[in-house]
1. Just a yes or no: is a residue in region 163-174 over 24 Å from LEU100 (Cβ atoms), of a type in the set (A, V, I, L, M) and more than 23 Å from the chain's Cα centre (by Cα)?
2. Give me the pairs: first residue in region 1-21 and more than 11 Å from PRO230 (Cα to Cα) and surrounded by fewer than 18 Cβ atoms within 10 Å (Cβ to Cβ), second residue hydrophobic (A, V, I, L, M, F, W, C) and modelled with pLDDT under 95, beta-carbon distance under 7 Å, and six or more apart or on different chains, which are they?
3. Among the numbered conditions (1) closer than 18 Å to ILE81 by Cα; (2) more than 17 Å from the chain's Cα centre (by Cα); (3) among the aliphatic types (A, V, I, L, M), tell me where VAL221 comes up short.
4. Could you tell me how many of the residues in region 68-105 are under 30 Å from GLN223 (Cα atoms) and among the acidic types (Asp, Glu)?
5. Which residues, taken from region 173-205, are β-branched (Val, Ile, Thr) and either at positive phi or in contact with a strand residue (DSSP E or B) (Cβ under 7 Å, 6 or more places away or on another chain) (or both)?
6. Does TRP131 satisfy the condition of being aromatic (Phe, Trp, Tyr) and surrounded by fewer than 13 Cβ atoms within 10 Å (Cβ to Cβ)?
7. Condition check: of a type in the set (A, V, I, L, M, F, W, C), touching a residue at least 60 places away in the same chain (Cβ under 8 Å) and under 30 Å from PRO194 (Cβ atoms). Does PHE78 satisfy that?
8. Looking for whichever is under 25 Å from ARG11 (Cα atoms), aliphatic (A, V, I, L, M), assigned to a helix (DSSP H, G or I) and in contact (Cβ under 8 Å) with a residue 40 or more places away in the chain here; the options are VAL86, VAL124. Which one fits?
Amino acid sequence: MRIRCDFFRARVMAQFGALADYIKYMEGQIKEGHHSARTQILIENCSPPDTCGESIQEWLCLRDQEIEECDRRFAVDFRRILRFTVLMSVYTLVESNLSLLATEMTNRKTLALGMMDLQAKDLVKRFEKFWTKVANLPWWSDDRWCLLKDIQELRNCIAHRNGVIGKSDGRIKQLLRRNCGVGLVDVNDRLTDPDDAGTLDIEARFCREALEQMKALFEEVFQRAGCFDPDHVVVEPD
């Protein structure tokens, strides 16, 4: 009997699972927190202090302002921060683990160079150069490589300009036309700060899809590399 399990591969894939669990948990926490905060406002402001018409109007106005501020905090601010953070985390996870994976391949296959020894214009091109020129493996066409480039562009826009679209962000502008969960903050949204109008607006579905596709991409890379065992225990007869 022979037991196979690649602990390096298992550790890498577990990180994608942990980030998926984090996204689900935090989205749920924001939704639950929003409901609780709104409920508390309504409980604390269940009736006006007196029955005077002017007092009632003032009370209603103040209560509506509290509710609107609550909605803005949870539905806009918290979700924006979370989804920006998630996209940056997805890219960081991919970038760091592609480098680690290449290093591991270099050691296991006794290759002459590592990925960091190579120069290229972006992460995908650098890994492709390592894969084809150093590891001497055939490259393959895959939409997930294109998605990784999209994620990289979004990450750069978030990290350097806090979501403000620049003139050179042609790749992001293409995303905006695809109804994929990447949009712009609407100037007519009553909850939106006018200064944020026109900046990136990332939906939860894009974050989930991005992570799922990057996880699937890594599974494909591990499979094609030819030097990694499964990321789970497999028992084989002798």
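The values are calculated or read from the model by the stated rules, or taken from the named source; none is laboratory data. Since the structure is predicted, the reported quantities are computational estimates derived from the model, not experimental observations. Glycine gets a Cβ as well: all are built from the backbone with ideal geometry, and neighbour counts include every protein chain shown.
1. no
2. From region 1-21, the pairs are MET1/VAL235.
3. Unmet condition: (1).
4. Counting residues in region 68-105 that are under 30 Å from GLN223 (Cα atoms) and among the acidic types (Asp, Glu) gives 2.
5. Once the filter is applied, which keeps residues that are β-branched (Val, Ile, Thr) and either at positive phi or in contact with a strand residue (DSSP E or B) (Cβ under 7 Å, 6 or more places away or on another chain) (or both), region 173-205 yields VAL182, VAL185, THR199, ILE202.
6. So TRP131 fails the test.
7. It is false that PHE78 is of a type in the set (A, V, I, L, M, F, W, C), touching a residue at least 60 places away in the same chain (Cβ under 8 Å) and under 30 Å from PRO194 (Cβ atoms).
8. The match here is VAL86.
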